[in-house]
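First comes the structure, then the notes that go with it.
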Amino acid sequence: MKYKRQFRPVTIGNYKRILNQIFRGLETTDIKPKMAEEWILNMQKRNLSASHINNTAAILTCYDKFTGTELNLIRVKKPKPLIKDTLTEGEVARIIAACSNGREKAIISLLAYSGVRASPAFKARDDGTFSVVLQSSVEKLPKREENQ
């Protein structure tokens, strides 16, 4: 038994729209594999999103199957998201320099340089103390004195 792929009407509408753009751009409906590859490369040069390029590649592949040609376009890898709004090395150094005691410096250094998240790294307690959790071991830090 062979599986036949079913498309929703909205998907068919989007495929038609994209194919019409490609037909107008290439000035033909007879899309050769080399033309499809060049279309995808042009999209990459224009810095279009990986999702848009991959969707267009999928549309071209479906169209080529429909016309009887086999087209194997390589999919573009989506870039990994960058962490935004991180502190610079200088900002971290200024924060550490502004700490009033060694305990605060240790906490800031741990967070800044280890990659540990604050919530799993520190377990707050009701009595005002907290524990630092590192690799399944727990070290209890002394309670901060108010006069320091």
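Coordinate-derived values only; no laboratory data. None of these values were measured; they are calculated from a predicted model. Counting neighbours? That spans all protein chains shown, and the Cβs are built from the backbone with ideal geometry, glycine included.
What is the gain in length, in nm to one decimal, between Arg17 and Thr86 on full extension, counting 0.36 nm per residue of separation less the C-alpha to C-alpha distance?
This chain segment gains 20.8 nm when fully extended.
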(message) Run through the range 26-84 and list the GluC sites (Glu not before Pro) located in a DSSP loop whose Cβ has at most 10 other Cβ atoms within 10 Å.
(response) Glu27, Glu70
(request) For the pairs Lys84/Lys105; Lys80/Lys105; Lys32/Lys80; Lys16/Lys84; Lys32/Lys77; Lys34/Lys78, note any where the Cα-Cα span goes beyond 29 Å. (result) Lys80/Lys105; Lys32/Lys80; Lys16/Lys84
(message) Run the numbers for Leu26 and Asn42: contour at 0.36 nm per residue of separation, minus the present Cα-Cα distance, in nm.
(response) 4.6 nm
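Of all trypsin sites (Lys or Arg not before Pro) in the range 58-88, which ones are in loop regions per DSSP and have a Cβ with at most 14 other Cβ atoms within 10 Å? Please list the in-between numbers first.
Values: sites: Lys65, Arg75, Lys77, Lys84; in loops: Arg75, Lys77, Lys84.
Passing sites in the range 58-88 are Arg75, Lys77, Lys84.
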(request) Return the distance in nm (one decimal) between the two label points of a simple spin-label model at Phe66 and Arg117, each offset 7 Å from Cα along Cα→Cβ. (result) 4.4
(message) Just to be sure I understand the curve: with the Debye formula and one point per C-alpha of the range 9-67, what is log10 I(q)/I(0) at q = 0.15, 0.26, 0.30 Å⁻¹?
(response) -0.40, -1.24, -1.51
(message) Can you compute 3J(HN,Hα) from phi for each residue in the range 96-108, using the Karplus curve 6.51 cos²θ - 1.76 cosθ + 1.60 with θ = phi - 60°, rounded to whole Hz and x for Gly and Pro?
(response) 5, 5, 7, 5, 8, 8, x, 5, 5, 4, 5, 5, 4
